[in-house]
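In what follows, a structure is listed as structure tokens, so that the remarks can point back to it.
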Amino acid sequence: MTVPGASSETWLALLRGINVGGKNVIRMADLRSCFEAEGFQDVVTYIQSGNVIFRAPVAAPSILTTRIEEMLASAFGYQARVVLRSRDQLEAVVAGAPAGFGSQPDRYRYDAIFLMPPLTASAAMEDVLVRPGVDGAWAGKEVLYFSRLIAQASRSYLSRLVSMPVYQDMTIRNWNTTTRLLKLMS
């Protein structure tokens, strides 16, 4: 609930594991309504992969994450996992990308792999395999940056990551979606 006069912040909730392979199917209109019913303001969803931008009173991210996960579990009946980032944090993700990252979209696919606390980028990198000449991976702050050569995408090791236990503590967004979400938050 919004308290009149309270300071608020713009947040991005990245829902993990919805609308993938027919599992945890949630319509974006229903997702938006769920956030609004919880008292979040200026709620906007972006594409079907579970990206929700909203305003909420300034709070500890861990408290807000728990609140959202419990709300989603109750409303939609699934074990919700959410990565939460403030506008400033998402801006830092985009600004912190390796030099040239995202600059050759006709040649490479680019992804931001968002990490759930307490998973750190350095710990996550221990499980990320790259195929020389195909993949590239870099650690950022609470994010990994991953690229793969389009012409060799079927040889990429990114698909191996999704079968590893560490994958349960991350969610992936392509770079176009990541930069578009930042624009929508501004």
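Coordinate-derived values only; no laboratory data. Since we're looking at a predicted model, the values are computed, not measured. Every residue, glycine among them, receives a Cβ derived from its backbone with ideal geometry; neighbour counts consider all protein chains shown.
Quick test of your reading of the structure: Ile53 fulfils all but one of (1) over 21 Å from Asn174 (Cβ atoms); (2) β-branched (Val, Ile, Thr); (3) within 13 Å of the chain's Cα centre (by Cα). Name the failing condition by number.
(1)
From the set of residues in segment 53-83 that are under 22 Å from Tyr167 (Cα atoms) and in contact with a helix residue (DSSP H, G or I) (Cβ under 6 Å, 6 or more places away or on another chain), which is surrounded by the most Cβ atoms within 10 Å (Cβ to Cβ)?
Filtering segment 53-83 for residues that are under 22 Å from Tyr167 (Cα atoms) and in contact with a helix residue (DSSP H, G or I) (Cβ under 6 Å, 6 or more places away or on another chain), the one surrounded by the most Cβ atoms within 10 Å (Cβ to Cβ) comes out as Ala80.
Scan (1) surrounded by fewer than 17 Cβ atoms within 10 Å (Cβ to Cβ); (2) in contact with a Ser or Thr (Cβ under 7 Å, 6 or more places away or on another chain) for the single condition Glu91 breaks and write down its number.
It fails just one condition, (2).
What residue, among those in segment 127-171 that are in contact with a helix residue (DSSP H, G or I) (Cβ under 8 Å, 6 or more places away or on another chain) and free of Cβ contacts under 8 Å to residues at least 24 places away in the same chain, is nearest to Asp111 (Cα to Cα)?
Selected residue: Ala137.
Just for segment 20-43: of the residues that are buried (at least 16 other Cβ atoms within 10 Å of the Cβ) and within 21 Å of Thr10 (Cβ to Cβ), which one is farthest from the chain's Cα centre (by Cα)?
Glu38
Could you look through segment 102-143, keep only residues that are of a type in the set (A, V, I, L, M, F, W, C) and under 15 Å from Gln168 (Cβ atoms), and pick out the one that is surrounded by the most Cβ atoms within 10 Å (Cβ to Cβ)?
Once the filter is applied, the top-ranked residue is Phe114.
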